[in-house]
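Engineer: Handing you a structure now.
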Amino acid sequence: MGLTIAQKIIKSHLVSGEMTPGQEISIKIDQTLTQDATGTMAYLEFETMGIERVRTERSVAYIDHNTLQSGFENADDHRYIQSVAKKYGIYFSRPGNGICHQVHLERFGIPGKTLIGSDSHTPTGGGIGMLAFGAGGLDVAVAMGGGAYYITMPKMIKVNLTGKLRPFVTAKDVSLEILRILSVKGGVGYIIEWGGEGVKTLSVPERATITNMGTELGATTSIFPSDETTRAFLKAEGREQDYIPLESDADAVYDRVIDINLSELEPLIAKPHMPDNVVTVSSLKGTKVDQVCIGSCTNSSLLDMLKVAAMLRGRTISPSVSLSISPGSKQVLTMLADCGALTDILASGARVLECACGPCIGMGFSPNSGGVSLRTFNRNFEGRSGTADGKVYLVSPETAVAAALTGEITDPSALDMSIKIDFPDKFRIDDSAVIPPASPKEAKSLEVLRGPNIKKFPDSMPQTDSIKAPLILKVGDNITTDHIMPAGAKILPFRSNIPYLSQFCFGVCDKTFPERAKAAGQSIIVGGTNYGQGSSREHAALVPLYLGVRVVITKSFARIHIANLINAGIMPLTFKNPDDYDKLNQGDTLSIDGVFDGMDSGEMTLINETTGDRIPLVCSYTQRQKDILKAGGLLSYTKKEGK
């Protein structure tokens, strides 16, 4: 039986385990990336391990999230990350050089290599045939130290593309179509491989948009073949030597095959407040728009920006719309300036922001109260924009421009315009904003610079054989990491200060949660399906740990978050019978006895001391995960085991 592309890469990097779906495997990691919202904590964890230098082929630290410096906190974090990078063998991408996923695709990604990053959209690298995973900072720290990355061996979905996209129908529409088909939890437990004749019609930037958005499906990762299109992209970046061909075997077996005819797609849009709330753009025709944001790691490539500039050329945006443009990298911005496209964008009335995540992470450019904001981003979770009642829609750059010009949601294919762009076959190469690390000899004398906002890692709590604690919070389905630990300009500067950050935990759901959790000492949280979807931010586990949360019980978990909970030493459990969720109420006192035996058997009994109900729970931990929980988290386990 033949292998898929992902199975081939896993096989060549397999450290332990068998490639049987559902079984735990560990793989060697070639590259890592971090960004500044998660990187400070990852490097604090790496330092704790006492390893003198990273052991990966390439590790890169990006500054792209916390770029607003309204106080000392972000600047101090950037200085800390830069000093750690120089000392420990990590390349440092300066503020302004661009968004981690866009820059990594341009300058560092290599087909057939493995990559993990402390950002959930790291699967963007699958656009050039990398096996790239989003992960928690602790997993990245361990990988930088030479440790393997542990995952459950995924199943495989093949998306078979035929036909060719029509004008004004884009890769973003392909992403929204697969979200419409599968939903935000339909990819959980799968790697999604894109293939078929239609793949040949998609450029690397278009493929990267699709693999980036695969994160919103809950998929382990997404991947495209590495073919002549990949070679041409790498050649344009001056990196043709990094090219290798990669394709699945003709007799590869998939657990599911989905067919999409690109020729039949039309412009799509995701309504508030979930990426899978997808309808056609034409069905919302005439909806008034207040704001349009173009950019983010999803749609900020040179190809995207040239199309935007071509649509704006000689035109002026509606007086009722505020338009922002965020180029994905310094390379993109410079090339826009060189060819005159930047002038077309500015002349339209758009505001050009720096090459950073910006509005996507709630770092500025929030919409007006109750405003409708069309964004080319990957998430439209409630409140993520920085405006609690903002209505955020996800669209392609072409649909975004159409709305900016007309002042309302408009199908771009219905506009009386055609665009033609000249896409270069050679990109402008300037790596001056990437600072290489010091040599091992020089590194010994270097000091790591820390500001007063950088606090220590939360104390671990080894798992005990019995637990008795109040149900401090009960939440519903599709709780995101933005619900648990919000982002935004007011909160992100404190990502390295867990005590301060804790006062915002679950603020979207219940502003009293932090105070009540502290008063309880130890507590339990109950949630619905797909708990912890969204960002890879480990703060959504570390902050509850700091507040005394010992157990989280749900109907189901998102992949990265359940790993982050275990890494933090918080025990994740699921209901054996999902209807038992209704037997628990916030404020009930809950208890579990025989935890260690339950870890081995995979079953525990939750006793609701308030009502007397006995509720069966299930878990499926590997021996390593049991040991991590018993040790009080991955950091304690790693130090104890010397791994």
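Engineer: Looking at G548, is it of a type in the set (G, A, S) and either surrounded by 24 or more Cβ atoms within 10 Å (Cβ to Cβ) or not assigned by TED's automatic domain parsing to the domain that holds L492 (or both)? Reasoning before the result, please.
Structural biologist: Numbers: of a type in the set (G, A, S): yes; either surrounded by 24 or more Cβ atoms within 10 Å (Cβ to Cβ) or not assigned by TED's automatic domain parsing to the domain that holds L492 (or both): no.
Judged against the criteria, G548 is not a match.
Engineer: Would you point out which residue out of G295, G364 is under 29 Å from D422 (Cβ atoms) and either modelled with pLDDT of 95 or more or not assigned by TED's automatic domain parsing to the domain that holds R94 (or both)?
Structural biologist: On the way: G364 fails: under 29 Å from D422 (Cβ atoms).
Answer to the check: G295.
Engineer: Right, another one. Looking at segment 190-209, is at least one residue part of a strand (DSSP E or B), of a type outside the set (S, T, N, Q) and either modelled with pLDDT under 95 or under 30 Å from K391 (Cβ atoms) (or both)? Talk me through it step by step, then tell me what you get.
Structural biologist: In the first step, residues of segment 190-209 are kept if they are part of a strand (DSSP E or B); the result is 190-195.
From the residues that got through so far, the ones that are of a type outside the set (S, T, N, Q) too are 190-195.
Retained after the next criterion (residues that are either modelled with pLDDT under 95 or under 30 Å from K391 (Cβ atoms) (or both)): 192.
Yes, segment 190-209 has at least one match.
Engineer: Sticking with this one: Check D459, D465 and return the single one that is at pLDDT 90 or above and of a type outside the set (A, V, I, L, M).
Structural biologist: Working: D459 fails: at pLDDT 90 or above.
Just a single option satisfies the conditions, and that option is D465.
Engineer: The conditions are (1) in a loop (DSSP other than H, G, I, E, B); (2) crowded, with 22+ Cβ neighbours inside 10 Å; (3) touching a residue at least 40 places away in the same chain (Cβ under 8 Å), and E398 fails exactly one of them. Which is it?
Structural biologist: (1) is the only condition that E398 fails.
Engineer: Additional query: Examine segment 452-466 for a residue that is of a type in the set (A, V, I, L, M) and not assigned by TED's automatic domain parsing to the domain that holds K511, and state whether such a residue exists. Outline the logic, then answer.
Structural biologist: To start, the set of residues in segment 452-466 that are of a type in the set (A, V, I, L, M) comprises 454, 461.
Subset that is not assigned by TED's automatic domain parsing to the domain that holds K511: 454, 461.
Within segment 452-466, one or more residues are of a type in the set (A, V, I, L, M) and not assigned by TED's automatic domain parsing to the domain that holds K511.
Engineer: Now, a different point. So which residues in segment 462-487 are part of a loop (DSSP other than H, G, I, E, B) and surrounded by fewer than 18 Cβ atoms within 10 Å (Cβ to Cβ)?
Structural biologist: Applying the first criterion (part of a loop (DSSP other than H, G, I, E, B)) to segment 462-487 yields 462-466, 475-479, 485-487.
Within segment 462-487, P462, T464, D465, S466, G476, D477 meet the criteria.
Engineer: Could you look through segment 363-389, keep only residues that are surrounded by 24 or more Cβ atoms within 10 Å (Cβ to Cβ) and small (G, A, S), and pick out the one that is nearest to C293 (Cα to Cα)?
Structural biologist: Out of the qualifying residues, it is S373.
Engineer: Identify, from the list G328, G314, the residue that is of a type outside the set (D, E), at pLDDT 95 or above and in contact with a strand residue (DSSP E or B) (Cβ under 7 Å, 6 or more places away or on another chain).
Structural biologist: Criteria check complete, one pass: G328.
Engineer: Moving on. So which residues in segment 353-395 are without any contact (Cβ under 8 Å) to a residue 24 or more places away in the chain and over 21 Å from H65 (Cα atoms)?
Structural biologist: So in segment 353-395, the residues without any contact (Cβ under 8 Å) to a residue 24 or more places away in the chain come out as 369-370, 387-389.
Answer for segment 353-395, where residues must be without any contact (Cβ under 8 Å) to a residue 24 or more places away in the chain and over 21 Å from H65 (Cα atoms): S369, G370, D389.
Engineer: Now for a separate question. Kindly indicate whether L333 is out of contact with any Pro (no Cβ under 9 Å at 6 or more places or on another chain), hydrophobic (A, V, I, L, M, F, W, C) and part of a helix (DSSP H, G or I). I'd like the intermediate steps shown before the answer.
Structural biologist: On the way: out of contact with any Pro (no Cβ under 9 Å at 6 or more places or on another chain): no; hydrophobic (A, V, I, L, M, F, W, C): yes; part of a helix (DSSP H, G or I): yes.
The answer is no for L333.
Engineer: Within segment 20-43, is there a residue that is surrounded by fewer than 17 Cβ atoms within 10 Å (Cβ to Cβ), in contact with a helix residue (DSSP H, G or I) (Cβ under 9 Å, 6 or more places away or on another chain) and part of a helix (DSSP H, G or I)?
Structural biologist: No, there is no match, as no residue in segment 20-43 is surrounded by fewer than 17 Cβ atoms within 10 Å (Cβ to Cβ), in contact with a helix residue (DSSP H, G or I) (Cβ under 9 Å, 6 or more places away or on another chain) and part of a helix (DSSP H, G or I).
Engineer: Which count do you get for residues in segment 215-246 that are among the aliphatic types (A, V, I, L, M) and within 22 Å of M335 (Cβ to Cβ)? Talk me through it step by step, then tell me what you get.
Structural biologist: Step one: filter segment 215-246 for residues among the aliphatic types (A, V, I, L, M), giving 217, 219, 223, 232, 234, 236, 244, 246.
Restricting the remaining residues to those that are within 22 Å of M335 (Cβ to Cβ) gives 232, 234, 236.
Counting residues in segment 215-246 that are among the aliphatic types (A, V, I, L, M) and within 22 Å of M335 (Cβ to Cβ) gives 3.
Engineer: Now a separate question. Residues being closer than 17 Å to L303 by Cβ, among the β-branched types (V, I, T) and more than 21 Å from the chain's Cα centre (by Cα): count how many of those fall in segment 159-190.
Structural biologist: So the count comes out to 2.
The values are calculated or read from the model by the stated rules, or taken from the named source; none is laboratory data. These numbers were taken from a predicted model, which means no experiment stands behind them. Cβ coordinates were reconstructed from backbone atoms using ideal geometry, including for glycine residues, and neighbour counts include every protein chain displayed.
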